[in-house]
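Structure record follows, encoded as structure tokens.
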Amino acid sequence: MWTEKYRARLIDDISSQPVVKQVMRSVVEGSGMCNTLFHGPSGTGKTSAAHAVCRALFGPRLFYDRVLDINAGDENGIAMVRDRIKRFSMLMLGARDAGWPCPDIKVIILDEADSLTIDAQSALRNLVETSAHNTRYIMICNKITRIIDPITSRCQIFYFPRIPKVAIKERLHRILTSEGLEDPNDLVEICEERLR
């Protein structure tokens, strides 16, 4: 319940990932978006970062038209790549939304990409190439070693290290204060150094 309620929605709300935040800001300011691979331990902001940059690019109205969000932990086979991803990448771009950068691309967020089968990853590699004119991919995984080299070589790669305890404690204090609850001293240990 609180995981989604207090999920970072803006680039500046992401905890302790300064390099990623800087690159995302430059993407929003018009430097162009590359295919990207976020990897690192769970609870470090990878999924939140992917959603935040897409929200900043397309705004709330076009987010759902221009962004396809797939959890590969649920759908990890070649059929999903051939059906959902290929179909989305072939869709025509709709109108732009004034007030947002809204580049002429769509974005496919592939969470838990390290769950994709080898056949699905091979099919995805082909799609990354054939849809490069209008689609960018943000792949998110815990274990980059489970992603095939032909995909990693086509992505800008960012490692999300564990969030420092002090940053976790600050964030949790803000959440508990907002909820009107007391702040136990051992809270960081309870949440196992994750902001999830």
Sort Lys165, Lys86, Lys46, Lys5 so the one with the fewest other Cβ atoms within 10 Å of its own Cβ comes first. Lys5, Lys165, Lys86, Lys46
Which whole-number percentage describes the relative contact order of segment 2-162, with Cα contacts under 8 Å and a sequence gap of 6 or more? 34
For n ≥ 4 DSSP H runs only, could you compute -39500 (n - 2.57) per run for the chain, divide by its residues and tell me the 222 nm figure to the nearest 500? -11000 deg cm²/dmol
Which pairs, out of Lys86/Lys165; Lys46/Lys169; Lys21/Lys143, put more than 31 Å between their alpha-carbon atoms? Lys86/Lys165
Exposure proxy check on Leu91, Leu62, Leu37, Leu116: fewest-to-most Cβ neighbours within 10 Å is Leu91, Leu62, Leu37, Leu116
Any idea how far apart Ser153 and Ile175 come out in nm if each label point goes 7 Å out from Cα toward Cβ? 4.1
Based on the Cβ-Cβ distance of Ala132 and Arg9, what FRET efficiency does E = 1/(1 + (r/R0)^6) give at R0 = 30 Å, to the nearest 0.05? 0.55
Likely footprinting exposure, Tyr159, Tyr64, fewest C-beta neighbours within 10 Å first: Tyr64, Tyr159
Between exposed GluC sites (Glu not before Pro) in the chain, where DSSP calls loop and at most 16 other Cβ atoms lie within 10 Å, what's the longest gap? 1-181
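Read-outs: derived from the displayed coordinates by stated rules, not from any lab. Only a predicted model underlies this, so the values are computations on that prediction, with no experimental measurement involved. Note that we place each Cβ from the backbone using ideal geometry, even for glycine, and neighbour counts take in every protein chain shown.
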